[in-house]
Amino acid sequence: MDRRTLVSEFLGTLLLVFFAVGSAVLAGAFIGTLGIALAFGFTLLALAYAVGPISGCHVNPAVTLGMLTAGRINARTAVGYWVAQFLGGIAGAALLFLLAKQVPGLKTSGAFGSNGFGDRSAVGINTGGAFLAEVVLTFLLVFVVLAVTHKVAVLGFDGLPIGLALAVIHLVGIPLTGTSVNPARSLGPALFAGGAALSQLWLFIVAPLVGGVLAALAHRLTHPVDAPRLHADDAVSL
C-alpha cells in the first residue's frame, strides 16, 4: 500500500470536514441548508479530482467498507484507509474548532456541526427514523461511487455524479439528522461538541456502515462483476 494513498485519505477527510462542516458552523446562518448542501457536494467534487487518481477519494469509512465488500480493495488497505480517515476527520474538526474560537460569540459546545436525532434534530426525528435515514442516504452515496468508478480510482467525469449525489443527500438529510453518511465526518465534530453529540455518535457510525454494505451488495445485482470501463488511465494500484 502506497503511503501517498493514506496521506491523500487523511488530507482529503481533513479538508472535507474543515470546509463542508465549516460551512455549517461558520456560515450556516448566512447560506442556509442549500448552501451547506452545496458546500459538501462541491468540496467532495473538488477532492475527487485532487486525490481521486491517487487514493480513490473515499474520505469516508462507509465508502471504503463498500469497496471492501465489493472486492475492490483488500482488508489491509481498508484498515489503513479507516485509520487515515478517522484521524483526518479529527484533525479537520480540531482545525475548525481553533478557527471557530476566534469568532466572538460563536458557540462550539453542544452542536458544532455534529449529527443528532430526537431533540437534536430539526424535525425531531426519532432513533429508528434517524437510523433508517442514514442507511438509505449512505446507500445512495456508496451505490453511486461504486457505479461510476472502476476498481478504486476516480477518473474522468466520475467526480461529478459523486459530488451531486452528496449535495442532494444533504438537502434531504440536513433537516433530519444534520446528515452524516460518513462516520469520520461525524466523529471529529462530536468530539469537540461533547455532551449529547457523543452519546448519539454510535448511530452515525453504525448506520452509514450498514448503508455502505447494502449498497455494495445491491451493486453486485445491478452491475456485472469487473465490467470494463474506458478511462485514460487504469485504476490506482494499492
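Nothing in this text is a laboratory measurement; each read-out follows from the coordinates by a stated rule. Since the structure is predicted, the reported quantities are computational estimates derived from the model, not experimental observations. Because the Cβ atoms are built from the backbone with ideal geometry, glycine has one as well, and the counts that use them run over all protein chains shown.
Farthest toward the positive end of the dipole of the chain, out of GLY35, PHE131, THR108, is the Cα of THR108, where the dipole comes from beta carbon charges about the Cα centre. Spatially, segment 70-111 and segment 118-153 are offset by 18 Å when compared through their Cα centroids. As a proxy for reagent exposure, ranking ASP119, ASP158, ASP2 by other Cβ atoms within 10 Å from fewest up yields ASP119, ASP2, ASP158. 3J(HN,Hα) along segment 175-191, derived from phi through the Karplus expression 6.51 cos²θ - 1.76 cosθ + 1.60 where θ = phi - 60°, amounts to x, 7, 10, x, 6, 9, 6, 7, x, 5, 5, 7, 4, x, x, 5, 4 Hz, with x in place of Gly and Pro.
Taking packing as the residue-averaged number of other Cβ atoms within 10 angstrom, the listed peptides 170-181, 121-132 run from highest to lowest as 170-181, 121-132.
Once both labels are positioned 7 Å from their Cα atoms along Cα-to-Cβ, the gap between VAL103 and THR127 label points is 3.2 nm. Karplus-based coupling profile of segment 202-207, in residue order and whole Hz: 3, 5, 7, 9, 6, 4, with θ = phi - 60° in 6.51 cos²θ - 1.76 cosθ + 1.60 and x standing for Gly or Pro. Estimated from the Cβ-Cβ distance and a Förster radius of 35 angstrom, the FRET efficiency linking ARG220 and VAL83 is about 0.85.
Positive-end ranking of PRO175, THR149, GLY194 along the dipole of the chain, with charges on Cβ about the Cα centre, is headed by GLY194. Phi angles of segment 78-86 translate, via the Karplus equation with coefficients 6.51, -1.76, 1.60 and θ = phi - 60°, into HN-Hα couplings of 4, 4, x, 5, 4, 4, 4, 5, 5 Hz per residue; Gly and Pro are given as x. Helical runs (DSSP H, four residues minimum) scored at -39500 (n - 2.57) apiece and divided by the length of the chain put the mean residue ellipticity at 222 nm at -22500 deg cm²/dmol.
Given all pairs of different Cα atoms, what value in angstroms does the Kirkwood hydrodynamic radius of the chain take? Every distinct Cα pair counted, the radius reaches 17.4 Å.
Computed packing ranks the peptides 31-37, 110-116 as 110-116, 31-37, most packed first, by mean other Cβ atoms within 10 Å.
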